[in-house]
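Novice: Structure provided below as structure tokens; questions to follow.
The values are calculated or read from the model by the stated rules, or taken from the named source; none is laboratory data. Not measured: the values here are computed from a predicted model. Every residue, glycine as well, gets a Cβ built from its backbone with ideal geometry; the counts of neighbours run over all protein chains shown.
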Amino acid sequence: MPRNTILDIEQSNSERQLYISQKLDIVGQLAGGISHNFNNQLTGIMGFANLISMRSGDDNIKKFADEILGICKNAGDMVRELLTFARYKPVATADIDVHGIITTITNLLANSIDKRIVIEHKLSAEHCAVVADAIQLQSALLNLALNSKDAMPKGGVITFTTSNIVDGNGGCFVKIEVADTGSGFGGDVEPHLFEPFFTTKGQGHVGLGLSAVYRFVKSMNGVIEVSSTEGRGTSVVLLLPVYAAAADVAEICRTSTGGTKRVEGGTILLVDDDKGIRDSISAFLKGLGYIVITASDGLEAVEGYTDTYAGVDLVIMDMVMPRMGGKEAFVKMRAINPAIRAVGITGFTKHTAEEMTALGMKRILHKPFSFDELSSVVTEYI
């Protein structure tokens, strides 16, 4: 092939990658704003549903409230897919075991999808630790598996395979392949695979899954490759950089049990511009025995904290608010009281856990969260 033709192909590929990247950035900004507002609404709904479930003596009403909570959880999972577009890097990175994530996913799928679909895994990678957000990695691989499931309405095989490869620069990668024996697709589909909202599944499907996987892999400086033959199945390969200290993989899957506990004493300053969130969380915490002071934005919180900080045991504060956001408010409060204990709550990804904990905040809770999660965090810091 003439050299100028090769250069033309390389330039065309670069232009297409730039186009996809720019398109995802635009959708990411839009998704981030929508998700923040929607997560606020979900958090308020979940809060009041929790209160109904906890306080009602009618088993049927409890059941209805629990159904609402389940629907909200599903909606929250959908929002997390949108939020992947707004993240330029994982938000809760740790060295995680890829094989552990795959095992969790295959166990989940084995109990939830058509029994005519066989799930296999061949986990051969000797070094399988990567630095990533565990939830995003699990979501990415689950998305690929569900795409495979949808491509096999009459049954088939989904295979997860891992191995290690070394690139030309000496970099070591975990190669994760998710392959199926489904319907596949033709060459006309390939140029559009990673475009947001593109889907081959027909009306009623959003098509965010593969775009979300693409953005996650790129955020890790990884590579994603897709190959497919119409009528003969599809293979998606992810190449993720191996964690340098792969032999020291930390255990990331921990199971916690128990529910909310009633306590006595402790004063909490609750700061959120959403009235529904303030009212539901305040009612819950008061029901546990805490004294709750509320503020509707960061400026009001700082003004109140200046006078009352000695009596406040914990601050729970939204990160995105009018007049003054949570980050600025926390910095001002910490100047008043260097020993401040504060937990951030957010439905947006602008403020990462690493950023805020580096400033001294104890924890970030991502909306929507359950009251069990909130109770556990509050108990830990009071």
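Novice: For the range 22-134, give me every one of the strands (runs of 3 or more DSSP E) that falls completely inside it and has 2 or more residues that are crowded, with 21+ Cβ neighbours inside 10 Å and at pLDDT 85 or above. Walk me through it before giving the result.
Specialist: Values: elements: 93-97, 117-123, 129-133.
It comes to 129-133.
Novice: Separate question: Looking for something exposed (fewer than 15 other Cβ atoms within 10 Å of the Cβ) and modelled with pLDDT of 75 or more - is there at least one such residue anywhere in the range 199-217?
Specialist: No; the residues of the range 199-217 include none that is exposed (fewer than 15 other Cβ atoms within 10 Å of the Cβ) and modelled with pLDDT of 75 or more.
Novice: With the requirement that a residue be in a strand (DSSP E or B) and closer than 17 Å to THR379 by Cβ, what does the range 270-312 give you?
Specialist: To start, the set of residues in the range 270-312 that are in a strand (DSSP E or B) comprises 270-271, 291-295.
Answer for the range 270-312, where residues must be in a strand (DSSP E or B) and closer than 17 Å to THR379 by Cβ: LEU270, ILE291, VAL292.
A quick yes/no check of all residues on (1) under 21 Å from the mean Cα position of the chain (by Cα); (2) more than 20 Å from PHE173 (Cβ to Cβ):
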residue: ILE102; (1), (2): yes, no
residue: ASN111; (1), (2): no, yes
residue: ARG116; (1), (2): no, yes
residue: ILE119; (1), (2): no, yes
residue: ALA132; (1), (2): yes, no
residue: ILE135; (1), (2): yes, yes
residue: ALA140; (1), (2): yes, no
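Novice: What's the number of the condition ALA358 fails, among (1) surrounded by 15 or more Cβ atoms within 10 Å (Cβ to Cβ); (2) free of Cβ contacts under 8 Å to residues at least 12 places away in the same chain; (3) not polar (S, T, N, Q)?
Specialist: Answer for ALA358: the failing condition is (1).
Novice: Quick one: which residue in ILE224, ILE291 is out of contact with any Asp or Glu (no Cβ under 8 Å at 6 or more places or on another chain), at pLDDT 85 or above and exposed (fewer than 15 other Cβ atoms within 10 Å of the Cβ)?
Specialist: On the way: ILE224 fails: exposed (fewer than 15 other Cβ atoms within 10 Å of the Cβ).
Unique residue meeting the criteria: ILE291.
Novice: Only residues in the range 137-154 that are within 13 Å of LEU238 (Cα to Cα) and assigned by TED's automatic domain parsing to the domain that holds LEU239 count as the first member; pair them with residues that are crowded, with 20+ Cβ neighbours inside 10 Å and of a type in the set (Phe, Trp, Tyr), Cβ under 7 angstrom, at least 6 apart or cross-chain, and list the lot.
Specialist: Note: pairs meeting the criteria are ALA140/PHE216.
Novice: For residues that are of a type outside the set (S, T, N, Q) and in a helix (DSSP H, G or I), scanning just the range 366-381, find the one that is nearest to the chain's Cα centre (by Cα).
Specialist: GLU373
Novice: Being surrounded by 20 or more Cβ atoms within 10 Å (Cβ to Cβ), over 25 Å from the mean Cα position of the chain (by Cα) and β-branched (Val, Ile, Thr) narrows it down to one residue among VAL312, VAL343, VAL331; which is it? Before the answer, list the steps.
Specialist: Working: VAL343 fails: over 25 Å from the mean Cα position of the chain (by Cα); VAL331 fails: surrounded by 20 or more Cβ atoms within 10 Å (Cβ to Cβ).
After applying the criteria, what remains is VAL312.
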